[in-house]
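The values are calculated or read from the model by the stated rules, or taken from the named source; none is laboratory data. It should be emphasised that the depicted structure is a prediction, and the values quoted were computed from it without experimental measurement. Ideal geometry is used to build each Cβ from the backbone, glycine not excepted, and the neighbour counts take in all protein chains shown. Each accessible area value is taken on the protein alone, full model and side chains, heavy atoms only, with ligands, DNA and RNA left out. Shrake-Rupley method; radii C 1.70, N 1.55, O 1.52, S 1.80 Å.
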Amino acid sequence: MGVKKILIVDWDVHHGNGTQHIFEKDADVLFFSIHRHDGGFFYPNSGFMDEVGKENGKGFTVNVPWSFCEMGDAEYVAAFERILIPIATEFQPELVLVSSGFDCAKGDPIGRMKVTPAGFAKMTEIVCKIGKGRVVLVLEGGYNLEALSQSAAWCIRVLLGERAPDILDKDPHQIAESQIEDVIRVHKNYWSCFKNVEITQETPEHILQFYKAITMQILLSKQKNFNFGLDSDSYSDNDLSEVENNNDISGNVPMIIHQSITTQIISSREYKDNE
């Protein structure tokens with residue numbers, strides 16, 4: 001095919017650690033992974049935003065690690081528009097490969113994200129424009145058959161030339177906005193498209209801890225039958241609004257959850273640094 005520069009987009013809910021490892025030293029392959037991360041606690045416990053590649057490949061690995069579940073169309077599309085499109089436009093790929101996992105779909109029991117068929121269609125439309133039609137979608141994960149089939153069908157419809165429907169939710173959550181800016185901050189050193197981008201302040205730590213605690217409760221309750229008295233299903237956007245106005249949530253979130261998160265993040269990073 002005579003292709004020299006390839007973009008790999010991985011929207012499976014799990015970090016594409018294998019793909020990253022294969023191409024992390026290759027400046028001819030741009031790897032973009034957007035995944036659930038939970039501060040390094042979500043499998044496969046990799047894909048931190050400061051994993052940018054190695055040697056000649058520095059800057060050509062781009063990780064967007066969501067710190068909690070329930071990210072949806074607005075958050076994913078915002079990451080594509082503000083991170084992927086500028087970098088890919090500068091990179092100018094000749095072929096786009098997509099690791100098209102549908103376990104970040106709304107209703108998936110493992111990913112617990114909220115991307116709808118319209119969201120997948122919009123992401124497909126974006127990669128089609130980036131690749132100028134030279135795009136391959138490869139089916140990966142997905143554990144809700146209805147969500148998988150509807151989302152895959154919309155991806156195919158866009159590949160065949162149909163316009164993606166409008167997404168209903170267009171306002172990314174504050175935490176997602178902050179994480180997108182954090183990724184841009186990391187890659188300002190590698191891509192000229194970000195040199196003039198203004199970065200606002202980071203998300204307040206108490207809000208991050210609130211969501212990390214909820215995510216931890218989901219994981220521990222599901223996997224180990226632990227219960228620290230935090231019913232994650234009972235929390236709503238109204239609860240978050242209250243937390244945003246209150247810097248002290250220590251009375252609402254068990255400290256053992258905070259300690260578990262901190263231990264996991266530290267041990268994960270120490271392990272990576274010693275590799």
Residue in region 153-170 that is within 22 Å of Val3 (Cβ to Cβ) and modelled with pLDDT under 95 present: no
Pick from region 169-202, criterion of a type in the set (Asp, Glu) and open to solvent by 90 Å² or more (accessible area, probe 1.4 Å), ranking: nearest to Phe80 (Cα to Cα): Asp171
Positions within region 1-59 being β-branched (Val, Ile, Thr) and more than 22 Å from Ile130 (Cα to Cα), in sequence order: Ile22
Hey, Val77 out of contact with any strand residue (DSSP E or B) (no Cβ under 7 Å at 6 or more places or on another chain), β-branched (Val, Ile, Thr) and closer than 18 Å to Val98 by Cβ or not: yes
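Listed residues Gly18, Gly2; which is outside any loop (DSSP other than H, G, I, E, B), open to solvent by 20 Å² or more (accessible area, probe 1.4 Å) and of a type outside the set (Ser, Thr, Tyr)?
Gly18
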Positions within region 48-76 being under 10 Å from the mean Cα position of the chain (by Cα) and charged (D, E, K, R), in sequence order: Glu75
Every residue from region 40-68 that is open to solvent by less than 10 Å² (accessible area, probe 1.4 Å) and assigned to a helix (DSSP H, G or I): Gly40, Gly57
Residue, surrounded by the most Cβ atoms within 10 Å (Cβ to Cβ), within region 21-38, restricted to residues that are out of contact with any Pro (no Cβ under 9 Å at 6 or more places or on another chain) and part of a loop (DSSP other than H, G, I, E, B): Glu24
Pairs, first within 11 Å of Ala164 (Cβ to Cβ) in region 104-133, second among the basic types (Lys, Arg) and in a helix (DSSP H, G or I), C-beta under 9 Å, six or more apart: Ala121/Arg157; Thr124/Arg157
Among the residues listed as Ile83, Ile34, Ile6, the single one being farther than 19 Å from Phe194 by Cβ and of a type in the set (Val, Ile, Thr): Ile6
